[in-house]
Amino acid sequence: MLATSALALAYTLPAPHAACGAASMLASRSLSPICLSPAASYLDGVPQGAPDAILGLAADFRASTAPNKVNLVVGAYRGSDGKPWVLPSVKEAEGRLLERGEFKEYAPIDGNARFTERALRFAYGDSAALAEGRVAGVQTLSGTGACRLAGEFYSRFLPAGTAIYVSDPTWGNHIPIMERAGLEVRRYAYLDRSTNSLDFDGLISSINDAPSGSIFLLHACAHNPTGVDPSREQWRSVSDAILAKGHHVLMDCAYQGFASGDADADASAIRFFVDAGHSLLLAQSFAKNFGLYGERVGTLSAVCASSEQAAKVLSQLKLIIRPMYSSPPIHGALIVDEVLGDAALTAQYYDECKQMADRISAMRSLLVSELGAAGSSHDWSHITDQIGMFAFTGLTPSMCDELTAKHAIFLTKDGRISIAGINPGNAATIAAAIHDVTDGKDLGG
Ligand SMILES: Cc1ncc(COP(=O)(O)O)c(C=O)c1O
């Protein structure tokens, strides 16, 4: 892409070429190398960057010519036909926007205020914090942008050296996002790898052992990559332990509605933490639950002690945003605003979100039953116990490699699979392949 645009640029250069006197590219229209100014030689020192751990594997999948290749890498919903799904409620909202005529003016620095208000109500429910006007919220570039902004905010306003604790394991991007924001990243215990379930005691010990005033990044629901969420009781204990140590909480909510199919139930940890009076920032994404992946719609919000404090926090968030990207994109926010602003469309949306969650849950059961049918004697019950887009299978890195090399099934090396990539047409094939690479071997931890 970039090379193409460089050529296009060359066609507009005056002849002879200003930097080296070569004959005009315009005249010859040849594809020979462009002669750049010597100043551009610094580009010779730019090394090849490593591919992104997840998106690089997605590129490997696209490049594979295997006829029955299966993509279990990226967390994007697919229907039973294996295709992406634009929710009908989203299509309806887009149709209305088109009919009304959408101006393409800039959004304010903090985005579309009405969208943010509705988005926060979606997450916080009827919380006193919202009613009292003490939540400072801005529209962000989806969940990633919200996390990045949160990191910058912490970096500016918490004492230097404050560390952020992320779960072991966590969504891979959390670590560089927070490092780039200047925070020291440490891990808290989360997954018991011998059972692929929550290491609850380890989690509480990590909270107790961290220096007071640390930041804990928690996944609000449908933990990525493990699919393991604390129970209601466990959330209560986590909350108590964090309050007792005076830690800060960054709740990352990328899957509200995706976990149980009920967006309100999936927000219960957020609402509990808000009511418990935590020092809390919330990063919210509408990528998965509204299927608005590429629209980059999200929010970041801070629960404050008063509306005056919230106004100050908002002013600082805007100061961070302005030199970073000026203002967020408008289209996706208008879609969410349209859906959440119409009771009938909201009800339709809730139903469609539930359809996605139900299909994911059905595919968990189907995979486990197909593994049994394929002859696997391993206990795969963690796959059905886990929740959300992903299952943490327990496959070791070498089993993952074999699954890809021998069966063209693409997954991340930690054994995480995107359940959205499974459908009734490929479940048996996937199960047989998993059985092939795990038969007679211990599942990893
Ligand atoms: C836990 C978690 N947080 C944040 C994100 C960010 O998603 P997006 O930037 O697409 O909203 C993801 C995406 O996979 C995620 O899994």
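The values are calculated or read from the model by the stated rules, or taken from the named source; none is laboratory data. Just so we're clear, the structure is a prediction, and the values are computed from it rather than from any experiment. Positions of Cβ are generated from backbone atoms using ideal geometry, with glycine treated the same way; all protein chains shown enter the neighbour counts.
What single numbered condition from (1) surrounded by fewer than 22 Cβ atoms within 10 Å (Cβ to Cβ); (2) farther than 26 Å from Ala357 by Cβ; (3) touching a helix residue (DSSP H, G or I) at 6+ places or on another chain (Cβ under 9 Å) fails to hold for Val135?
For Val135, the failing item is (1).
Among the residues of the stretch 134-143, is there at least one that is in a helix (DSSP H, G or I) and on the phi > 0 side of the Ramachandran plot?
The answer is yes, given that some residue of the stretch 134-143 is in a helix (DSSP H, G or I) and on the phi > 0 side of the Ramachandran plot.
Inside the stretch 384-393, can you point out the residues that are surrounded by fewer than 22 Cβ atoms within 10 Å (Cβ to Cβ) and in contact with a helix residue (DSSP H, G or I) (Cβ under 7 Å, 6 or more places away or on another chain)?
Answer for the stretch 384-393, where residues must be surrounded by fewer than 22 Cβ atoms within 10 Å (Cβ to Cβ) and in contact with a helix residue (DSSP H, G or I) (Cβ under 7 Å, 6 or more places away or on another chain): just Thr384.
Would a scan of the stretch 187-200 turn up a residue that is among the polar types (S, T, N, Q) and within 16 Å of the ligand (Cβ to nearest atom)?
No, the stretch 187-200 contains no residue that is among the polar types (S, T, N, Q) and within 16 Å of the ligand (Cβ to nearest atom).
For the stretch 290-305, give me each residue that is touching a helix residue (DSSP H, G or I) at 6+ places or on another chain (Cβ under 7 Å), more than 10 Å from the ligand (Cβ to nearest atom) and either free of Cβ contacts under 8 Å to residues at least 60 places away in the same chain or part of a loop (DSSP other than H, G, I, E, B) (or both).
Scanning the stretch 290-305 gives Phe290, Gly291, Cys304.
Quick check on Ala53: is it modelled with pLDDT under 95, within 30 Å of Ala344 (Cα to Cα) and either among the aromatic types (Phe, Trp, Tyr) or within 26 Å of the chain's Cα centre (by Cα) (or both)?
Answer is no for this residue.
Based on this model, can you work out whether Gln316 counts as part of a helix (DSSP H, G or I), of a type in the set (S, T, N, Q) and closer than 20 Å to Val249 by Cα?
In short, yes.
Is at least one residue of the stretch 298-317 within 22 Å of Met356 (Cβ to Cβ), at pLDDT 95 or above and touching a strand residue (DSSP E or B) at 6+ places or on another chain (Cβ under 7 Å)?
Within the stretch 298-317, one or more residues are within 22 Å of Met356 (Cβ to Cβ), at pLDDT 95 or above and touching a strand residue (DSSP E or B) at 6+ places or on another chain (Cβ under 7 Å).
Run down Leu334, Leu319 and say which single residue is more than 12 Å from the ligand (Cβ to nearest atom), over 26 Å from Glu94 (Cα atoms) and in the same structural domain as Val249 (by TED's automatic domain parsing).
Leu319
So, in the stretch 121-176, how many residues would count as being within 16 Å of the ligand (Cβ to nearest atom) and of a type in the set (A, V, I, L, M, F, W, C)?
Qualifying residue count for the region: 12.
Away from the ligand (no atom under 16 Å from the Cβ), of a type in the set (A, V, I, L, M, F, W, C) and either surrounded by fewer than 20 Cβ atoms within 10 Å (Cβ to Cβ) or not assigned by TED's automatic domain parsing to the domain that holds Phe122 (or both): is that true of Leu243 in this structure?
Against the criterion (away from the ligand (no atom under 16 Å from the Cβ), of a type in the set (A, V, I, L, M, F, W, C) and either surrounded by fewer than 20 Cβ atoms within 10 Å (Cβ to Cβ) or not assigned by TED's automatic domain parsing to the domain that holds Phe122 (or both)), Leu243 qualifies.
Would you point out the residue of the stretch 259-289, among those that are under 17 Å from Val238 (Cβ atoms) and in a loop (DSSP other than H, G, I, E, B), that is nearest to the ligand (Cβ to nearest atom)?
Top of the filtered list is Ala259.
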